[in-house]
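Remarks on the structure that follows.
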Amino acid sequence: MSYRIIIHALMLGFGPVLFFMGCGSPSATPLPDITPKGSILLQDSSTIAGEPVDIYALFDSDSITGTWTILWTDAFGETIMTLPQQGGTIKLPIPEEAFKKTGMVQLTLCHNGKIIDNQQLEIKSGPPFGVVESYAGAKTMVVGSSQTAMEIVIPKDQFGNPMPDGHEVRFNYSYPGKQPEVKDRQVNNMIAAITFGTGENDGNILIGASSGKAMAIEETIELTPAWPSAFIINLISLIPYADPRQNIIIRSNTITDTKGNKVSDGTVVHFTVLENDLTVAQFRGFTSNGIVEVYIQNPDHTADWEIKAVVAGDIKSNTIALGFEVYVQQMPITYNPAKKILVVGPVTGHLGQMVTDDLPIEVTVSLPSTSMMFSGKTDNGFCTLDLPSDFPKGNYDYSIKAGGRNLTGKLNIK
Amino acid sequence: MQQKNNRYFYLALLIGLMLHGATLMFTFEGTYDAFVHLFFANHYSENWFESWNYQWYTGFTVTSYPPLVHQVIALLSKVVGLKAGFLIWSFFIVLVFIRGVYVFSKIWVGERAAAYAAILAVFSTAFGEALHIFGQLPSITGVAFLLNACPELYWWLRKDLRYRLLTGLSLLAMTSTAHHVTTIFGMVFFVLPTLGLAVMNRSAEKKQGEQNVHFKDIFREVFKVLPRVIVFGLTVIFITAFVIFPYWYWSKSDPITQVPIPHGSRDSFLEVTSSGLVFFLIPWGMMLFFLPFLFREIVRKRNIFVGLSISLAFLLGTGGTTPLPRMMLGETAFNILTLDRFTYWASLLSLPFWGAFFYELLEGRYKNFLQDKFGYLFRFVLTGALCFGVLVSALSVINFQNFRATQPDKIDVLPIVNFLERDKHDDWRYLTLGFGDQVAWLSTNTSALSVDGNYHSVRRLPEMTTRAVERLENAKYLGTEGILSLQQFLTSPEKYNLKFIFSNDKFYDPVLFFYGWKKLQQLENNIIIWERNDVPGLASVLPRKNIPDIQRLMWGIIPISVLIIGLLINLWFGLRYYKKQKEDQKVILKYAAQKTHKLFWGTYTIWIIAFAFFIGTGSAYIAYKNYDHTTPTNLIEAYFHRLDFKNFRKAYTYFNPETRPSLEQYLMELSLEGGILSSYAKLDTIDIAFTPGREPEKLTANVTASWLTALSSYQTTHQIELTKKGLFWYIEPFELEKRTPPDKFIRRPSVDFLSHGKRKPIANKVEKRDILDRPDVYIISASLMEKEGDYSVVGQIINTDNDPAFLAVEVAFYDDAGNELARNNVQDLIAHVLYPKETTSFKVDYDPFGHQKIAEADNLDSTVIQPHHFAVFARSLVSGESFYKHTGVQTVRIEGQHTLKGEVVNYGAQQIIVPQLLFSYYDTDHQLLWVEPYYPQGGIRSQRKKPFSIKIPDLNNIKILKNGNDDNLRINGVSRKLYRENQFIPIAPDLYPTAPFQLNDSIMVDINISAQMASQSDE
């Protein structure tokens, strides 16, 4: 009986002891090292775009456990490839497309999410290919100004990858009237650029650019004339009589800018006509091949005129002085009592000719106490003026004004 | 007998199909509304459940119009095309309509008279007008179903036949899905009298004859049937609400804000006789002769309800002829509803009695009476004359468009469609001018969007809803308000992404030209395309209003289902109860018992004779009074109206035969005149004052004529000599310009410009190297001015570039706190295209409401917040257009105190069609004070001149509020200062020489000339 008690006491005693011995922190028993060994092997650390390289994953054993992945990280993002469960050497199935874009590629080998190996692959751009993308602007510049223009080019390889910094681009250009010039520039941040200042002559700056065997489309920058400079106007044709049907023809010399370039076609020129220092007419024309021509109507009275031209910006011409003599030589007046009309004519001009139609005629008939004016226009050399039916009879003084001539006389109206 | 009646009915169907079917193929394209319905049908055809349509205005919902007809045409179009689908449905509805008249008439006038009514329905001028002139297919469909519904409801109430209620309700449901207004008003005008008749006949049956029926019997019967009638009414309301629920939802959630648009049906028909013709005489037609018979019949006890209906509809259909319709409907309803529908319904309600009249005339008592009294021949001639009149009036209405065109000539839309679909032109909105209702057909054939449309109830743009303008495209017919409305869109097209205008009317050429639009090309169909530069394209995502999906499903499923189910129900019950219906539904009217009062014939004869006498003598009197040579006033008015309508040969006949030139000489002299008034104006009013001539038989007419052009109103004064020869007056020929140019042959240098645009023909892409830089322009000055309470910004711009520049100028006005009050664009007060080194003045008026000019025209008060600051935004684009510059001004002088006179000279080789003079007034410090335009009346031929005479504005009332500076003047988005620092401008811009003409000690003026040439119009 007692030994049973002892055994039970021992069991009861040892149990808790053993139990408590099992609690607490487990002991740091080191586990065997089972990290798989793997690595990435690159055939080459750099390549040209479009030229794939072989990339391998190497493993110690013939078979592998766990999940092995390869991470391809480039400027376009990340791509994850899961490797098969075979060991040894595995050639990674990287698609050819991946090798077409330039930049640094980060390759990472992972096992169960843990990075095992890292490698880098540099994909460089190929030689320039095809048409070089180009932009030129401003499209126009004014000759002799401080304006500038620029052409930029972006040479690319056959996959659209820009050239690296330092890549040479050759610009060939010619200014109007000058020999072609060559300048080399280097690509910086994808772009090669060249600036142009204005020259002396108007015309087109032609620009070509090339990089290796790739070429840009021809660009043009137009050099336009500067502001017009003072110019000369000449009298081309004049009939110096007060016949408003005739025209004065005035033509300028070739209007140029300060560099001698003809002003652009369509440049508006204003011609001002002054009489007694007052402006009485303004005519407008525009240049064609640098020359402007205008047709100004003669006055309908004797006058001394000054004509000058101006372009906006106070660019003036010389002044032409003109004088106009009397046009009408004879203009008899008669009264027709049956129809109660005044007939002026035949009105003749300075060559003895019948004046043309539409010449204004003014007739004033007056008594000491009253006067009345009638106006009309010639038709086939005559002008008919209707008198009111109740026009009083009497001996009137008359004056006729037409074509710069004034005639007076007496008229009996019955 | 029954068989004979049926034969007449089938004859009516056959004649109806032959007459309307054959003619509709030629008339429907000239109607007002057919193309609108085709447009809606096309919408459903392309996307059945889509509720939003982008094509008109800035988009609208198609649930704004009951869809049945459109959806049916859409379904038919899948097999036979849209137009054939329209015709097929029309043919079907013609048959339904004739049947409707027949069965409707049977309950009122008996079978035989109903058969005659059916035949007469074929020749009804009201129906012909609605179908062949108005093209109102949905309302015709609605009334056709309604007429068929009425007898169903009659027999339901009369004989307690429940299945007739079902058929009647199904037909009313079809009516609602076709045209809801017909259901709503149809309940009052058609259904209520029908139910009243049913109640009356129930009483009559109980009392064994209607002569024994008194009102108390009717009331007793009414109370008996009232519960079911109430239930019926509520059911109809529910059906009408349910079957087109999305329509009611739209009208509640998006109520119409459109101001009332004038309509001829609201005119007084005595004052506006053309409205009386279209909206009264034509729809009633020959029925006017039988009005005494009608009003005699409808006062009979049994017809009292329909009598009230006809009388009310007759009265409402008279429009503004009496004040009663306005009083009865109220101002709002009167101005919103078109009242021609009431005349239409009145004439349809009268058809049964029209049939009864012919029955009496051909077979009944009148036949016997006339034959006994006057003989067979007289009766035969009289009957023949009436029948002939019915036939001729019907044919005249059907062929109305041959007598009076209601639309412009037919336009081939294909070239326009091709243009819009090419090169991404449909990335912008377009507008049509002078297309009439064919604008809807163009919209049907293209997916491009228009800023205008043909269904004004759905407009939401305030610029349109605040104007009593039906469409922009016929603005010239709408007076000043129409023109102002159009001008607003032409001034600010970028606001609506509006880039292209297709013009079929040269009336609008001047406003398009001077508002900066460029004539692009003329298409093979003679439509001119005008284009505006520098307008941004439509956004890729446009705003739209969505309705709940359940409503879209309802809209797409219920209406067409109602039609199918309704037709099946009627067919089923019709076949099932065919024989029973034939027996039960005979209506025999005992006319024999009706005594004809001896006064009736006398009254009727007097009516016929008086009516004929009135028409005959009235016509003769009116013809005599309106004969053009009868009075001087007639002559002058006729002459100007002939000129207005370009009827020159007729105008020539008004000249004195003894003194006038030959017709050829006259036409040649007219053709030389040209100008905005002779080519682009519509005559508005004429005032004539006469003074005695130099001889007794002579007069001098001092005429002041007001002309409406697309640019502005003109007043012209004319002194015309008149001579009386015998009884008639004649005009003495005028003197025309005699000036003979000095040269037989002219040589003038010119410059051509061309902006290639795309040099490589690549669709849908513009290469950057083809895009030209914006040309350099410079704002010389700009100032905010106040003149008599109105505010404007005046200024000057110069083109400093070497290429021609198109200018768009926008001014923003701000209050004192810097809040923007308005943004307004320059209109015609600028030369929109400047050659190199050319300057122009400009003036932009402050217009915060967008319709200030209209407010002024209507003398409405428009409270204006004063602007204190402003900013000018000038944009330029290289222009490839050549503009005429061979002009000058001479003999400029002041006469009196306020009149500026001078002459415009054209020394070049081309004819100026419409010259514009821009007068810029300066003070002696060269401060620009004011800018005003002037358009001389006539054109200017080569080597000729035109005088001008204008009133100088009162410059003392002009106050300079603020001058612009570098900060608030922007050119192509860049401040003026930056522009100046980078531009090669030789001198300080402030010293540019400006006004050459010194008018007096304090005023100087500059005159700039722009010219629309013959090549820039379609002359």
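The values are calculated or read from the model by the stated rules, or taken from the named source; none is laboratory data. The structure displayed is predicted, hence computed values, not measured ones. A quick note on method: Cβ atoms are made from the backbone with ideal geometry, for glycine too, and the neighbour counts reach across all protein chains shown. Accessible surface areas use protein heavy atoms only, side chains included; no ligands, DNA or RNA. Shrake-Rupley method; radii C 1.70, N 1.55, O 1.52, S 1.80 Å.
Over region B:10-169, with every protein chain in place, what whole percent of the accessible area is carbon and sulfur at 1.4 Å, could you tell me?
68
Let me have the 222 nm mean residue ellipticity of chain A computed from DSSP H runs of 4+ only, each contributing -39500 (n - 2.57), with the sum over all residues rounded to the nearest 500. Before the final figure, lay out the partial values.
Working: 1 runs with 21 residues, N = 414.
Helix-only estimate at 222 nm: -2000 deg cm²/dmol.
Output the residues of region A:218-265 meeting this criterion: accessible area (heavy atoms, 1.4 Å probe) in the chain alone minus accessible area with all protein chains in place is 40 Å² or greater.
Output list: A:TRP227, A:ARG245, A:SER264, A:ASP265.
Could I have the simple spin-label model distance between A:GLN106 and B:ARG980, label points 7 Å from Cα toward Cβ, reported in nm to one decimal?
5.6
Taking only protein heavy atoms into account and a 1.4 Å probe, give the accessible area per residue of chain B in Å².
Here the per-residue accessible area is 43 Å².
Pop a pseudo-label 7 angstrom from the Cα along the beta-carbon direction at both B:GLU271 and B:ALA612 and give the gap in nm to one decimal.
3.5
Roll a 1.4 Å probe over the protein chains and send me the accessible area per residue for region A:38-124 in Å².
It amounts to 54 Å² per residue over region A:38-124.
Let me check I've understood the local charge: for B:GLN890, count other residues with C-beta under 9 angstrom from its C-beta, Lys and Arg +1, Asp and Glu -1. What total comes out?
Local net charge: 0.
Along Cα→Cβ, 7 Å out, is where each label goes; now give me the distance between the ones at B:GLU735 and B:LYS301 in nm to one decimal.
Distance between the two pseudo-spin positions: 8.5 nm.
Taking R0 as 56 Å, what's the FRET efficiency between B:PHE753 and B:PHE380 from their Cβ-Cβ distance, rounded to 0.05?
Rounded to the nearest 0.05, the efficiency is 0.10.
Please determine, in degrees from 0 to 90 and to the nearest 10, the orientation of helix B:340-362 with respect to the longest principal axis defined by the Cα atoms of chain B, where the helix direction is its Cα long axis.
For helix B:340-362, the angle is close to 40 degrees.
Could you tell me what percent of the accessible area of region A:260-314 is made up of carbon and sulfur, with a 1.4 Å probe and every protein chain present?
The C+S portion of the solvent-accessible surface of region A:260-314 is 42 percent.
Need one number: buried accessible surface between chains A and B, 1.4 Å probe, both sides summed, DNA, RNA and ligands left out, in Å² to 100. Numbers along the way, then the final one.
On the way: alone 23750 and 45740 Å², together 64890 Å².
Summed over both sides, the interface buries about 4600 Å².
Residues of region B:885-917 losing 40 Å² or more of accessible area relative to the isolated chain, 1.4 Å probe, heavy atoms only?
B:LYS885, B:GLN890, B:TYR907
Compute the FRET efficiency between A:LYS91 and A:LYS37 as 1/(1 + (r/R0)^6), taking r as their Cβ-Cβ distance and R0 = 22 Å, and round to the nearest 0.05.
In this case the efficiency is close to 0.75.
Helix B:162-178 versus the longest principal axis of chain B: what angle, 0 to 90°, nearest 10, using Cα atoms?
On a 0 to 90 degree scale, this one is about 10.
Given H placed 1.01 Å from N in the peptide plane, which residues other than close sequence neighbours of B:GLN911 have an amide H under 5 Å from its amide H?
B:ALA1014
Near A:PRO337, within a Cβ-to-Cβ distance under 11 Å, what is the net charge of the other residues, with Lys and Arg +1 and Asp and Glu -1? Provide the component values of the computation, followed by the final result.
Details: positive: A:LYS339, A:LYS340, A:LYS393, A:LYS414; negative: none.
Neighbourhood net charge equals +4.
Of the accessible area of region B:267-426, with the probe set at 1.4 angstrom, what percent is carbon plus sulfur?
65
Ignore the peptide's own chain and count Cβ atoms of other chains within 10 Å of each Cβ in A:284-292; give me the average, rounded.
Across A:284-292, the average partner-chain Cβ count within 10 Å equals 5.
Considering protein heavy atoms only and a 1.4 Å probe radius, which residues within region A:298-326 exhibit an accessible-area decrease of no less than 20 Å² in the full assembly relative to the chain by itself?
Output list: A:ALA312, A:GLY313, A:ASP314.
Calculate the FRET efficiency for B:PHE745 and A:ILE239 from the Cβ-Cβ distance with a Förster distance of 25 Å, rounded to the nearest 0.05. The partial results should precede the final answer.
Working: r = 18 Å, r/R0 = 0.71.
So, using R0 = 25 Å, E works out to roughly 0.90.
I'd like to check one number: the per residue accessible area of region A:131-224, probe 1.4 Å, reported in Å² as a whole number.
Numbers: 4520 Å² over 94 residues.
For region A:131-224, the per-residue accessible area is 48 Å².
What angle do you read, to the nearest 10 degrees and between 0 and 90, between the alpha-carbon axis of helix B:137-159 and the longest principal axis of chain B?
20
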